Number of protein chains: 2
Amino acid sequence: MDNDMDEPRRRVTIREVAERAGVSMATASRALSGNHPVPPATRARVLRAARDLDYVANAHARALAGGGRKMAAVVVRQVTSPFYAQVAEGVEAEAADRGWLCVVGATGADPQREMEFVQLMREEGARLVILVGGVVEDDAYRERVAHYAQALDASGARLVLCGRPAPDPEIPALVVEFDNEAGARAITGHLLSAGHRRIVFLGGLPGNTALDARVAGYRAALAEHGLGPDAAHVVDCGLGRAAGLRAMGELLKETREFTAVFAGDDMVAAGALRAIADAGLRVPEDVSVVGYNDIPLAEDFNPPLTTVRTPAEELGRAAVRIALRDPGSAAGSHHLLGTHIVVRRSVAPPGAAQAAPS
Amino acid sequence: MDNDMDEPRRRVTIREVAERAGVSMATASRALSGNHPVPPATRARVLRAARDLDYVANAHARALAGGGRKMAAVVVRQVTSPFYAQVAEGVEAEAADRGWLCVVGATGADPQREMEFVQLMREEGARLVILVGGVVEDDAYRERVAHYAQALDASGARLVLCGRPAPDPEIPALVVEFDNEAGARAITGHLLSAGHRRIVFLGGLPGNTALDARVAGYRAALAEHGLGPDAAHVVDCGLGRAAGLRAMGELLKETREFTAVFAGDDMVAAGALRAIADAGLRVPEDVSVVGYNDIPLAEDFNPPLTTVRTPAEELGRAAVRIALRDPGSAAGSHHLLGTHIVVRRSVAPPGAAQAAPS
DNA sequence: TTGAAAGCGCTAACAC
DNA sequence: GTGTTAGCGCTTTCAA
């Protein structure tokens with residue numbers, strides 16, 4: 001294979017197809033794209049020639065001339081996060097159903113890379129860009145997103161924010177997200193109903209909208225059950241399995257003044273579970289733990305994790321569905337998707353260790 | 001937002017930037033792409049104008065005129081599979097490091113969708129397409145891939161097969177994969193060393209190259225330990241958690257003539273683990289189980305899974321690295337990546353239940 | 001029904 | 001150094 005990666009070789013063009021079929025380029029084009037009446041006989045000849053030559057249209061030329069392919073882009077922190085992967089899969093599935101091409105980009109949570117990727121998508125002429133995941137909502141963020149929105153809108157493209165706020169309701173972007181506060185309130189309530197009163201929230205990320213909402217829901221539930229504000233104990237260790245593992249380990253060394261932990265998401269729950277086991281404690285007998293998101297393997301944790309189910313794939317599908325529907329009504333529209341608790345085996349009443357030593 | 005998705009609006013062009021900067025389009029182009037000497041002063045003016053106008057180049061026009069962006073495409077079965085996600089992340093990371101754009105496509109294991117996607121990538125002018133994952137290697141497959149390879153090569157693009165065979169060594173494609181047989185032999189050996197003699201292989205998928213290789217390794221290990229061919233017991237239930245769950249459940253109903261199970265991958269191991277627990281048995285005391293791939297959450301299974309580590313992200317990175325290196329030497333080259341066992345807690349000697357009832 | 005021709009936005013010769 | 005010009009491959013008026 002003497003194949004120089006730097007110099008793309010010439011491809012078969014529509015002109016060659018036309019020549020072989022004995023028609024003009026225009027006719028060939030019409031036969032190929034099929035949007036213009038062409039006699040069946042000629043059409044067949046053209047198609048035949050195209051197949052013989054293994055012709056594929058040059059998407060760039062086509063886009064330039066007007067008939068561009070519709071392309072959507074999803075931007076996530078990382079594809080290997082089960083939650084993000086599901087959202088991306090939802091977007092890709094819904095896009096594919098509509099004949100759109102879908103590109104996924106990973107930013108590693110770096111605003112710089114996010115900007116570069118959005119820029120790239122603008123250059124490529126993406127008609128829909130979907131930004132996924134909570135963020136710390138500071139001025140830089142607001143400015144960045146306002147710019148994306150305005151720029152995308154100026155070229156007739158759409159911006160949707162998944163699980164992150166619009167910097168301003170007036171901005172040409174729409175947001176689709178889960179009701180984090182409600183989900184957190186519900187699962188905290190579940191813990192409270194089981195009798196827990198000292199619940200620590202593990203995985204705070206101050207400034208991050210998704211986590212802040214979860215913390216707010218947690219505090220609200222505590223308050224609803226008549227607990228004072230100092231009943232709340234949130235550990236701002238951030239997200240991810242490693243963070244959960246470390247933070248839980250440290251917490252266990254310092255204090256055991258809690259009977260349950262509410263992990264910011266299922267990955268930190270995974271880390272917490274491991275740390276608890278490493279400390280020689282049992283879940284749920286010694287400490288109960290709940291997570292957030294219900295990632296596909298949450299039921300395989302030890303024990304199976306009680307968590308909040310956020311239909312991630314549906315979030316992705318909804319994002320494209322809503323963006324493509326109602327061209328007029330989209331500006332600033334805000335959609336909330338429901339969540340629910342899935343009860344498995346990581347919660348028991350406090351003190352269960354004595355009652356049922358397994 | 002009156003923003004019609006069907007009619008992309010006009011974008012700022014380089015001509016407008018040139019006018020605003022008071023230079024010709026050519027000068028503007030040179031200043032912007034910076035590959036041609038331009039006096040700092042003019043350069044600054046052009047850049048300024050571009051920023052003021054929020055200009056982004058039209059990637060299609062640029063590609064058409066010759067300066068196309070380098071684009072790589074990864075094709076996987078589904079993004080939500082932890083293993084595939086890691087491979088995709090590796091490809092995307094390595095591509096990004098080199099300033100390439102990376103597109104990921106999901107096929108849902110449908111050859112039809114795979115073909116469409118490859119076609120699409122040809123149209124878009126992808127210079128590198130990476131097909132990931134085992135397949136059933138039949139004539140249809142061989143023909144399909146031979147066609148991809150030939151077509152891609154004809155336009156100067158590269159095809160790499162990850163974890164699937166080249167239909168013919170002469171074909172312009174290169175393959176990068178793990179040594180499935182060696183990995184399977186090693187982990188089967190691990191089970192044998194622990195004293196197991198009745199090991200069932202759960203998750204065969206006859207015809208699938210990756211699984212067949214694993215089964216071959218399993219059989220080879222059995223033979224090496226002096227066991228006859230009828231010591232092998234492979235259950236062809238295919239891959240995935242659901243398959244593992246169902247197959248293991250059925251197996252447990254029929255017979256207990258085994259002390260260990262070798263799951264075709266970690267997802268079927270997850271299902272098997274659950275089925276075993278549902279049957280009231282313990283792992284590893286009553287039955288040992290091992291998996292394949294070492295997906296990120298394998299250590300969170302109950303119990304933590306002993307499995308074969310296949311560095312998936314590295315597979316992805318290697319695919320692009322090798323494809324982009326040595327333009328000449330790539331044809332038919334075959335690269336094998338090493339794997340190793342990671343020992344956790346899902347294996348114990350058979351009969352451990354009596355010895356240590358926990 | 002079909003062909004000729006004019007661009008789409010950009011880059012790369014090729015002058016000046 | 002900088003501008004002029006000719007395409008890149010395709011779609012699409014506009015005539016015939």
Would the range A:51-68 turn up any residue that is out of contact with any Leu (no Cβ under 6 Å at 6 or more places or on another chain), assigned to a helix (DSSP H, G or I), open to solvent by less than 40 Å² (accessible area, probe 1.4 Å) and over 30 Å from A:Asp168 (Cα atoms)?
yes
Identify all residues within the range B:30-60 that are among the hydroxyl-bearing types (Ser, Thr, Tyr), at pLDDT 90 or above and more than 8 Å from DNA strand D (Cβ to nearest atom); write none if there are none.
B:Tyr55
Yes/no for A:Glu92 being modelled with pLDDT under 95, within 16 Å of DNA strand D (Cβ to nearest atom) and either surrounded by fewer than 22 Cβ atoms within 10 Å (Cβ to Cβ) or part of a helix (DSSP H, G or I) (or both):
no
Unmet requirement for A:Trp100, which otherwise passes all of (1) more than 9 Å from every other protein chain (Cβ to nearest Cβ); (2) under 24 Å from B:Gly108 (Cβ atoms); (3) modelled with pLDDT of 90 or more
(3)
Which strands (runs of 3 or more DSSP E) sit wholly inside the range B:282-348 and have at least 3 residues that are touching a residue at least 12 places away in the same chain (Cβ under 8 Å) and either more than 20 Å from B:Ala182 (Cα to Cα) or in contact with a helix residue (DSSP H, G or I) (Cβ under 7 Å, 6 or more places away or on another chain) (or both)?
B:288-290
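Quick one: which of B:Ser81, B:Ser33 is open to solvent by 10 Å² or more (accessible area, probe 1.4 Å), more than 13 Å from DNA strand C (Cβ to nearest atom) and either in contact (Cβ under 8 Å) with a residue 12 or more places away in the chain or among the charged types (D, E, K, R) (or both)?
Numbers: B:Ser33 fails: more than 13 Å from DNA strand C (Cβ to nearest atom).
Going through B:Ser81, B:Ser33 in turn, the sole match is B:Ser81.
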At least 1 residues that are of a type in the set (S, T, N, Q), open to solvent by 40 Å² or more (accessible area, probe 1.4 Å) and not assigned by the TED database to the domain that holds A:Val118 in each: list the helices (runs of 4 or more DSSP H) lying fully within the range A:129-248 that qualify.
A:180-193
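Is it true that some residue in the range B:74-81 is within 9 Å of another protein chain (Cβ to nearest Cβ), assigned to a helix (DSSP H, G or I) and more than 9 Å from DNA strand D (Cβ to nearest atom)?
Looking for residues that are within 9 Å of another protein chain (Cβ to nearest Cβ), assigned to a helix (DSSP H, G or I) and more than 9 Å from DNA strand D (Cβ to nearest atom), one finds none in the range B:74-81, hence no.
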Filter result for the condition that a residue is outside the structural domain of B:Ala263 (by the TED database), of a type outside the set (A, V, I, L, M), modelled with pLDDT under 95 and touching a helix residue (DSSP H, G or I) at 6+ places or on another chain (Cβ under 7 Å), over B:Arg113, B:Arg122
B:Arg122
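Each row is one residue, and each column tells you yes or no for (1) under 27 Å from B:Val129 (Cβ atoms); (2) open to solvent by 10 Å² or more (accessible area, probe 1.4 Å).
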{"residue": "B:Val287", "(1), (2)": "no, no"}
{"residue": "B:Gly291", "(1), (2)": "no, no"}
{"residue": "B:Pro296", "(1), (2)": "yes, yes"}
{"residue": "B:His334", "(1), (2)": "yes, yes"}
{"residue": "B:Arg344", "(1), (2)": "no, yes"}
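The values are calculated or read from the model by the stated rules, or taken from the named source; none is laboratory data. Predicted model, so just to flag it, every value in this text is computed and none were measured. Don't worry about glycine lacking a Cβ; one is built from the backbone with ideal geometry, like all the others, and counts go over all protein chains shown. Areas reflect the complete protein model, heavy atoms only, side chains present, ligands, DNA and RNA absent. Shrake-Rupley method; radii C 1.70, N 1.55, O 1.52, S 1.80 Å.
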